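All remarks here apply to the structure that follows.
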Amino acid sequence: MYHLHFKDESVLKHNFYFGSISAIYKVFPKQLIGIQASSLYNYNFDENTNPTYENTNCIIRKDVLISKKQGE
């Protein structure tokens, strides 16, 4: 899961949650995010050592969505 937080207070909603990097770019243009999708794919996200990307426009965090197994 990717948590996208916009730093610009003019954006009505600041926090968005996505299942993939490509989903982010289906909703927002690269100009608003401040990084191209290909560069974000190449960024070394690691849940433990490097879970956060930050620039002047936004903060993107990669995290794990925890859910229960079906039938529990």
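Values for this structure:
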{"read-out": "Overall Cα dimensions of the chain, principal axis frame, Å, largest first", "value": "42, 28, 20"}
{"read-out": "Environment charge at residue 16 (Cβ cut-off 12 Å; Lys +1, Arg +1, Asp -1, Glu -1)", "value": "+3"}
{"read-out": "Peptides 53-65, 29-41 ordered by average Cβ neighbours within 10 Å, highest first", "value": "53-65, 29-41"}
{"read-out": "Relative contact order of the chain, defined on C-alpha pairs under 8 angstrom at six or more residues apart (%)", "value": "37 percent"}
{"read-out": "Difference of contour (0.36 nm per residue) and Cα-Cα distance, residue 70 to residue 23", "value": "14.4 nm"}
{"read-out": "Carbon and sulfur %, accessible surface of the chain computed with the full protein complex present, 1.4 Å", "value": "50 percent"}
{"read-out": "FRET E, pair residue 48, residue 15, Förster distance 22 Å, beta-carbon r, rounded to 0.05", "value": "0.50"}
{"read-out": "Average accessible area per residue (Å²) across the chain - probe 1.4 Å, nucleic acids and ligands excluded", "value": "72 Å²"}
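The values are calculated or read from the model by the stated rules, or taken from the named source; none is laboratory data. Predicted, not measured: the structure shown is a model, and the values here were computed from it. Using ideal geometry, Cβ is built from the backbone for each residue, glycine included, and neighbour counts are taken over all protein chains shown. Note: accessible area is taken over every heavy atom of the protein model, side chains too, but ligands, DNA and RNA are not part of it. Shrake-Rupley method; radii C 1.70, N 1.55, O 1.52, S 1.80 Å.
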